[in-house]
Amino acid sequence: MEDKLVDLVVQQVMNKFSASNGAGSAPAPAADAGTPSYNPGMTEFVGVNPTGETIGIVIANVDYGLHEKLGLDSKYRSIGILSARTGAGPHIMAADEAVKATNTEVVRIELPRDTKGGAGHGSLILFGAEEVSDARRAIEVALKDIDRTFGDVYANDAGHIELQYTARASFAVEKAFGAPLGKAFGLCVGAPAGIGVLMVDAAVKSADVDLLSVASPANGTSYSNEVIGFFSGDAGAVRQAIITARETGVKLLEAFGPAPSVGVPYI
């Protein structure tokens, strides 16, 4: 998450007051590029979400050469593209909800070393679909859900912590994190990385959960300054582990100053 991610809180509030249309709808006459109501007049454009600086795009019929180079299944001629500067975890969790709600598959997930110079990742997520309407719907669902999945991201100029939870993991989190399908899943992120180490330790000590894996700057991340823990198990236990990690991480991050949530906490 970039050092100035807290500014997104203000940006979100301002957009709620200024934007009268939904993502991807026709713009009001005074709309500026970068607002949810902006439309460039391209059929491929679905919409944006200022949170995470996220853009959603669909390609109805992917060029054969590009299709081959991306390694896509031949049955998927249409793709949905979810791309953002910050917040890999929130976008993967939003993609997981999109897969549950549509006839699509997450075919590719990449985590750029980005966040505009901050401690974490950006994201590139591709959905495969046999029908372009399914790809578009998946992107629409994901763009909307990002407001929720950023709710348990807490940030200040020094770094960020992030918590995610789902009672039923689907194909996006399975592909990205190796989560068992249909079981409760959670993750915790701490940046700078040392905060994440203590968060993971506190989480596994607080509840009977399976620690699936731990990602660190040199192992499982794009050399980002964070440690990430991935948990599975009983829904109540996973949720308790994530709550404990949140309490631990917030206290440590606030040693550098206030660390407000980017959105409305949902866990």
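Within segment 162-220, the set of residues being among the aromatic types (Phe, Trp, Tyr) and free of Cβ contacts under 8 Å to residues at least 24 places away in the same chain is empty.
Residues in segment 63-95 that are within 15 Å of ALA129 (Cα to Cα) and under 10 Å from the mean Cα position of the chain (by Cα): 2 in all.
Note on segment 84-186: enclosed helices (runs of 4 or more DSSP H) holding 1 or more residues that are in contact with a Gly (Cβ under 6 Å, 6 or more places away or on another chain) are 132-149.
Take the residues in segment 48-70 that are touching a residue at least 12 places away in the same chain (Cβ under 8 Å) and farther than 30 Å from VAL264 by Cα; name whichever of them is surrounded by the fewest Cβ atoms within 10 Å (Cβ to Cβ). So that I can check it myself, show each step before the final result.
To start, the set of residues in segment 48-70 that are touching a residue at least 12 places away in the same chain (Cβ under 8 Å) comprises 48-62, 70.
Those still in the list that are farther than 30 Å from VAL264 by Cα too: 59-62, 70.
Values: ILE59: 18, ALA60: 15, ASN61: 10, VAL62: 17, LEU70: 15.
Applying the filter and picking the extreme gives ASN61.
Look at (1) in contact with a helix residue (DSSP H, G or I) (Cβ under 7 Å, 6 or more places away or on another chain); (2) among the acidic types (Asp, Glu); (3) farther than 11 Å from CYS188 by Cα and you find that ASP234 fails only one, number (1). Quick one: how many residues across segment 234-267 are hydrophobic (A, V, I, L, M, F, W, C) and farther than 23 Å from ALA207 by Cβ? Looking only at that region, the number is 5. Determine if segment 223-239 includes at least one residue that is assigned to a strand (DSSP E or B), surrounded by 15 or more Cβ atoms within 10 Å (Cβ to Cβ) and in contact with a Lys or Arg (Cβ under 8 Å, 6 or more places away or on another chain). Within segment 223-239 (the criterion being assigned to a strand (DSSP E or B), surrounded by 15 or more Cβ atoms within 10 Å (Cβ to Cβ) and in contact with a Lys or Arg (Cβ under 8 Å, 6 or more places away or on another chain)), the answer is yes, since at least one residue qualifies.
Taking ALA203, is it part of a helix (DSSP H, G or I) and farther than 22 Å from HIS91 by Cα? Explain how you work it out, then say what you get.
Values: part of a helix (DSSP H, G or I): yes; farther than 22 Å from HIS91 by Cα: yes.
In short, yes.
Give the residues of segment 110-146 that are surrounded by fewer than 20 Cβ atoms within 10 Å (Cβ to Cβ), within 20 Å of CYS188 (Cα to Cα) and charged (D, E, K, R), sorted by residue number. Scanning segment 110-146 gives GLU110, ARG113.
If you check GLY220, GLY196, which single one turns out to be touching a helix residue (DSSP H, G or I) at 6+ places or on another chain (Cβ under 8 Å) and either buried (at least 24 other Cβ atoms within 10 Å of the Cβ) or at pLDDT below 95 (or both)? Testing whether each residue is touching a helix residue (DSSP H, G or I) at 6+ places or on another chain (Cβ under 8 Å) and either buried (at least 24 other Cβ atoms within 10 Å of the Cβ) or at pLDDT below 95 (or both) leaves just GLY196. Report yes if HIS121 is in the same structural domain as THR244 (by TED's automatic domain parsing) and in contact (Cβ under 8 Å) with a residue 60 or more places away in the chain, otherwise no. When the stated conditions are applied, HIS121 does not pass them.
The values are calculated or read from the model by the stated rules, or taken from the named source; none is laboratory data. All values derive from a computational prediction rather than experimental measurement. In this analysis, Cβ positions are derived from the backbone assuming ideal geometry, glycine residues included, and neighbour counts consider all displayed protein chains.
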